[in-house]
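The values are calculated or read from the model by the stated rules, or taken from the named source; none is laboratory data. As the structure is a prediction and not an experimental result, all values here were calculated from the model. Cβ coordinates were reconstructed from backbone atoms using ideal geometry, including for glycine residues, and neighbour counts include every protein chain displayed. Heads up: the accessible areas ignore ligands, DNA and RNA and are worked out on the full protein's heavy atoms, side chains in. Shrake-Rupley method; radii C 1.70, N 1.55, O 1.52, S 1.80 Å.
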Amino acid sequence: MKKLLVLAVLTVSFFSCSNDSDNASIANSLREVVLFRNSPQELHWKFNTDGQLTEATNGQNQVVERYTYNNLNQITRVGLFTNGTETNSYTFTYDTNGIVASINGNAVVHNTATNTYTYTHNGTARSVTFNTDRKATQIVDMEGTASTGYTMTYQAGNLTSYTRTSMTSNVSRNYNYNTMMTYRTELGRYTAALAMVKSFIEPEFLAHAFTSQYVPEECHHGAPATLRYSYGVLPGERSLQFTSEEYVNDTPGTIASYQEYYYGN
């Protein structure tokens, strides 16, 4: 707990001499984000000089996903890799209004009034509803009479809750932000194109607040165990490291890396 308090002090002292314009100029040179280092979920997001997320690699530096863009910054292809070899892919087409028109050649129906897309995904009937910021707020999968629902809420561009409800596996997460003390990474802006296509092919992607403008200050998990992750930041000259301390039923646990940001010229 003492270490977490030290991180909080570092956060305050760092941001007392910073502002959003400074943060934005740093973010323009973002080159890599490392997620969940030293865990089975470790992921390295690689960005090109245009700020596009082009590739994801695992802890063994093997490519796990690769993204292709058109000149409108829309993802047109997602390649999925196993042991460094591409094993699956998704192609997307868009109409002139930026509306997803097809996935892997299959037509997507768009309801303009509700901003809801419906289509069939691997034999599952899926509907995806977006808000005016083009962030998914509801996803529903139907397989016969069985359904799985995903509900996301946002405030000021930040994910505040994620809920998955099904007959077999429920998940609930609630995120808190302190925008006066928490570094504005603008990661949501850099992952916006990916978040949109992931809403169609992998709703679980939305559970980790990667679409938010800020790194969450706390995350509260629902049943079966009451979990809370509290975050702090360690700033460096060309990097930022967010660390988290895990609480299980209000008992402090280990401190681990959550997100690391690296910048280049």
(request) Find how many whole Å separate the alpha carbon centroid of segment 181-216 from the alpha carbon centroid of segment 124-158. (result) 15 Å
(request) Enter the accessible area of residue 250 (Å², nearest 10), with the probe set to 1.4 Å and all protein chains included. (result) 110 Å²
(message) I need the Debye-formula profile for the chain: one equal scatterer per C-alpha, no solvent, reported as log10 I(q)/I(0) at q = 0.08, 0.14, 0.17 1/Å, two decimals.
(response) -0.34, -1.08, -1.52
(request) Run through all the Cα pairs of segment 144-230 and give the fraction in each 5 Å bin from 0, expressed as whole percent. (result) 3, 14, 23, 24, 18, 11, 5, 2, 0, 0
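Of 134, 228, which has the most accessible area with a 1.4 Å probe, and how do the rest follow in descending order? Display every interim value, and only then the final one.
Working: 134 115, 228 45 Å².
I get 134, 228, largest accessible area first.
Work out how much length residue 181 to residue 76 would gain on full extension: take 0.36 nm times their residue separation and subtract the Cα-Cα distance, in nm to one decimal. Mind dumping the intermediate values first?
Values: separation 105, 0.36 × 105 = 37.80 nm, distance 3.67 nm.
Length gained between residue 181 and residue 76: 34.1 nm.
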(request) Quantify, in whole percent, the carbon and sulfur part of the accessible surface of the chain (1.4 Å probe; protein heavy atoms only). (result) 50 percent
(request) Would you mind computing, in nm to one decimal, how far apart the modelled labels at residue 133 and residue 113 are, each placed 7 Å from Cα along Cα→Cβ? (result) 2.7 nm
(message) Between 213, 52, 60, where does the largest GNM mean-square fluctuation fall for the chain, given springs only between Cα atoms within less than 10 Å?
(response) 60
(request) Mind pulling the angle between the C-alpha long axis of helix 192-201 and the longest principal axis of the chain? Nearest 10 degrees, somewhere in 0 to 90. (result) 50 degrees
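Mean residue ellipticity at 222 nm from the helices of the chain, using -39,500 (n - 2.57) per DSSP H segment of n ≥ 4 over the full residue count, to the nearest 500 deg cm²/dmol? Before the final figure, lay out each step's value.
Details: 4 runs with 36 residues, N = 265.
My calculation for the chain gives -4000 deg cm²/dmol from helical runs alone.
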(message) Can you compute the FRET efficiency between residue 104 and residue 189 using 1/(1 + (r/R0)^6), with r the Cβ-Cβ distance and R0 = 30 Å? Round to the nearest 0.05.
(response) 0.65
(request) Any chance you could look up the accessible area of residue 153 with a 1.4 Å probe, heavy atoms only, rounded to 10 Å²? (result) 60 Å²
(request) When a/c is below 1.5 the answer is rounded, else prolate if a/b is larger than b/c, else oblate, so apply that to segment 69-208 with a ≥ b ≥ c taken from the square roots of the Cα gyration tensor eigenvalues. (result) rounded
(message) Need one value: the accessible area of residue 46 in square angstrom, 1.4 angstrom probe, rounded to the nearest 10.
(response) 50 Å²
(message) Just the number please: accessible area per residue for the chain, 1.4 Å probe, all protein chains included, in Å².
(response) 50 Å²
(request) Per residue of segment 128-133, in order, report the coupling 6.51 cos²θ - 1.76 cosθ + 1.60 (Karplus, θ = phi - 60°) as ³J(HN,Hα) in whole Hz, putting x for Gly and Pro. (result) 10, 10, 10, 8, 5, 8
(message) Please report Rg (one decimal) and Dmax (integer) in Å for the Cα set of segment 24-123.
(response) 16.1, 45
(request) Taking the Cα centre of the chain as origin, sum charge times position over the Cβ atoms of Lys and Arg (+1) and Asp and Glu (-1), and report the length of that vector in debye to the nearest 20. (result) 60 debye
(request) Normalise the Cα radius of gyration of segment 99-150 by 2.2 N^0.38 Å (N = residues in it) and let me know the number. (result) 1.12
